[in-house]
Ligand SMILES: Cc1ncc(C[n+]2csc(CCOP(=O)(O)OP(=O)(O)O)c2C)c(N)n1
Ligand SMILES: [Mg+2]
């Protein structure tokens, strides 16, 4: 209760109400508002939590994900850093080692490049190379993915690169309520977490009512969005919405189980395996290039665990194995509902 | 002597034409003739007109995010004019359009780029520059490498790279500087210090008093110049270019200027910037300054301005027409430049515009009827 009251003031523009049945305090958020609210709650609860990055202070971040945090917590908890991703990442590692709980923001996924060495060669490895003596509890927030008509390097989907790195956890929630629970869990986590935020769905017009009090969603749990018996459709990030759109176009007698991974590493193998053992068919949808993408790993897990259950080959609807084009062609690149629907129908017909 | 000074340094700031258009004749000597200033002023006005229209294009949904160059034209033009078109290389960021156009990039290419079309990056044969660079602070190393190649082959050419104040915080910047000075490459590092990196003011970006002093660490000649002063920018760039061409190695120039517009059209500077600061800098606008100078010398009249404005309007219309007249590329464009030769899997993706295998491969064609 105390947390609810403490945060009623944080973003007063959000609509709030009490759930009639449960008496729970509810707040209505889009994805980015939910992230900001969660950051504020976590910073309130734990003095060690600090936010740092380019333009995250007074400006509130280029996507406004830290909007109001500087005003509330001041310049000793929310830092505008110099323009240096390696600096942000490396210094955040140091902050974590120094007893803080840093939340660095990298402005766009395309700018993880300069930070790659620090993230992969240091953050991911410290626990291992120090035999557990040094750990890096930090959450790297990164807007990700295409579909917003942005310039070059503002639309990529590099999640598989980081999922391929042992020692890093990678999450990518696509709904406001999942983001809230997963961000809280990520901040609590003793290991480095890359928290990808699909920017295409930052501000969907329909907001979601979610529980205002702090809660966590365990990292590593996928979510079954719709239950089904004929085919398992697996996605994450903004493409989940393309899958939902595809479901509307499919014949009613095709019963699809749609799963949102939510966490990319570690993968929720059990949920995926159980589902495909039930349905015997699987289509995986992601924005990143197909080859050596996460769909390949999921497909391999299914092949290993569901071989005798399969009624058709596992299919991947993904980005092409090309450089993400500039925005004139981005919708021709990104998986869309009609391609998902086609792959589902072909899988059913196999 | 237990303590001795092993290094001291100073940084000069150079201004030739003040904000009222008044010139220090001694310093101005040997820089630009009145005729040259007049031509460059006309060019500057046209660049400004196109920049303002590009902003409007974004606002009316005809173009994506665009970073206005407004207020920084003297830096781009002064530097660009000191370099040899078709010989020297420009390695830009995105706030020196006027220099790129001056060196032969068709004007509509810049619009095409911001309209989300890679063909805006397809630098024409004979035009010596790299495309606009989106990842901040990364391109300077390429200038070092390009000019290193010139040095290896003994060609009297140089490369000039442009970047912002914020970019000097990136590691790559320092690595580019160190390589250039270690190998004494003919490189010009031209920093447009426009006081802001999106919402972060220069004083919060670094704790050094000037950007120029960063070059001292690399033993590089360095200078701070009034970046809104065409004559001064030309002079210092010409000196750096002459030195580099003569085998004198790299130089650093900090052009002190100001971003008069928002960072890009996706930004709202009112959130973080005092409008009074902007107002003060509007008074130092390079366009106004040059006009005052020319008017005082009886080289420019209101009638001439009116006809120039008219001419600029026509030019802008033509440029926009050229950019918008280019139809959306076909989907082949997504694939064709990935490699010199497309690998087989990509050939299939290009032909089918699919990544799933069912229906695309003969061995999987045996589908029963697909609904
Ligand atoms: C590596 C990288 N990090 C972050 C960004 C996002 N970004 C684009 S412009 C910019 C500020 C650049 O400031 P400055 O170098 O001073 O150039 P200016 O825009 O002021 O001309 C930032 C942070 C980027 N494009 N690339
Ligand atoms: Mg700047």
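Worth pointing out:
Residue by residue, here is whether (1) farther than 21 Å from residue B:159 by Cα; (2) surrounded by fewer than 22 Cβ atoms within 10 Å (Cβ to Cβ); (3) within 16 Å of ligand 2 (Cβ to nearest atom) holds:
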site: B:227; (1), (2), (3): no, no, yes
site: B:237; (1), (2), (3): no, no, no
site: B:248; (1), (2), (3): no, yes, no
site: B:253; (1), (2), (3): no, no, yes
site: B:270; (1), (2), (3): yes, yes, no
site: B:275; (1), (2), (3): yes, yes, no
site: B:280; (1), (2), (3): yes, yes, no
site: B:286; (1), (2), (3): yes, no, no
site: B:291; (1), (2), (3): yes, yes, no
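- Qualifying residue in the stretch B:291-300 (condition: modelled with pLDDT of 95 or more and touching a strand residue (DSSP E or B) at 6+ places or on another chain (Cβ under 7 Å)): yes
- Scanning the stretch A:295-315 turns up at least one residue that is touching a residue at least 12 places away in the same chain (Cβ under 8 Å), facing another protein chain (nearest Cβ under 7 Å) and surrounded by 24 or more Cβ atoms within 10 Å (Cβ to Cβ).
- Counting only helices (runs of 4 or more DSSP H) that sit completely within the stretch B:197-316, those holding 2 or more residues that are free of Cβ contacts under 8 Å to residues at least 60 places away in the same chain and within 14 Å of ligand 1 (Cβ to nearest atom) correspond to B:202-205.
- Taken over the stretch A:322-338, the criterion of being touching a residue at least 40 places away in the same chain (Cβ under 8 Å), facing chain B (nearest Cβ under 7 Å) and either more than 11 Å from residue A:146 (Cα to Cα) or not in a loop (DSSP other than H, G, I, E, B) (or both) is satisfied by A:327, A:333.
- Just one of the listed residues (A:151, A:166, A:158) is more than 20 Å from residue A:124 (Cβ to Cβ) and surrounded by fewer than 23 Cβ atoms within 10 Å (Cβ to Cβ), and it is A:151.
- Comparison of A:78, A:58 shows that the only residue that is in contact with a helix residue (DSSP H, G or I) (Cβ under 8 Å, 6 or more places away or on another chain) and either crowded, with 24+ Cβ neighbours inside 10 Å or modelled with pLDDT under 95 (or both) is A:78.
- Scope the stretch A:320-333; condition surrounded by fewer than 24 Cβ atoms within 10 Å (Cβ to Cβ) and under 20 Å from the mean Cα position of the chain (by Cα); matching residues: none
- Here residue B:150 meets each of (1) within 14 Å of chain A (Cβ to nearest Cβ); (2) over 18 Å from residue A:325 (Cβ atoms) with one exception, condition (1).
- Residue check, residue A:348 assigned to a loop (DSSP other than H, G, I, E, B) and either at pLDDT below 95 or more than 7 Å from chain B (Cβ to nearest Cβ) (or both): no
- Selection count, the stretch B:317-351, where residues are over 30 Å from residue B:49 (Cα atoms) and not in a helix (DSSP H, G or I): 10
- Exactly one residue out of B:338, B:355 is touching a strand residue (DSSP E or B) at 6+ places or on another chain (Cβ under 7 Å), at pLDDT 95 or above and not assigned by TED's automatic domain parsing to the domain that holds residue B:148, and it is B:355.
- Members of the stretch B:156-196 found to be within 11 Å of another protein chain (Cβ to nearest Cβ), in a strand (DSSP E or B) and more than 13 Å from ligand 1 (Cβ to nearest atom), listed by number: none
- Candidate set: the stretch B:206-246, residues that are within 14 Å of chain A (Cβ to nearest Cβ) and closer than 30 Å to residue B:20 by Cα; chosen: the one farthest from the chain's Cα centre (by Cα): B:208
- The strands (runs of 3 or more DSSP E) found entirely in the stretch A:204-273 that carry 1 or more residues being in contact with a helix residue (DSSP H, G or I) (Cβ under 6 Å, 6 or more places away or on another chain), over 21 Å from residue A:183 (Cβ atoms) and free of Cβ contacts under 8 Å to residues at least 60 places away in the same chain are A:231-235, A:256-260.
- Condition check for residue B:195: touching a strand residue (DSSP E or B) at 6+ places or on another chain (Cβ under 9 Å) and away from ligand 2 (no atom under 16 Å from the Cβ): no
The values are calculated or read from the model by the stated rules, or taken from the named source; none is laboratory data. Because the structure is predicted, anything quoted here is derived from the model rather than measured. Here the Cβ is made from the backbone with ideal geometry for all residues, glycine too, and neighbour counts use every protein chain on show.
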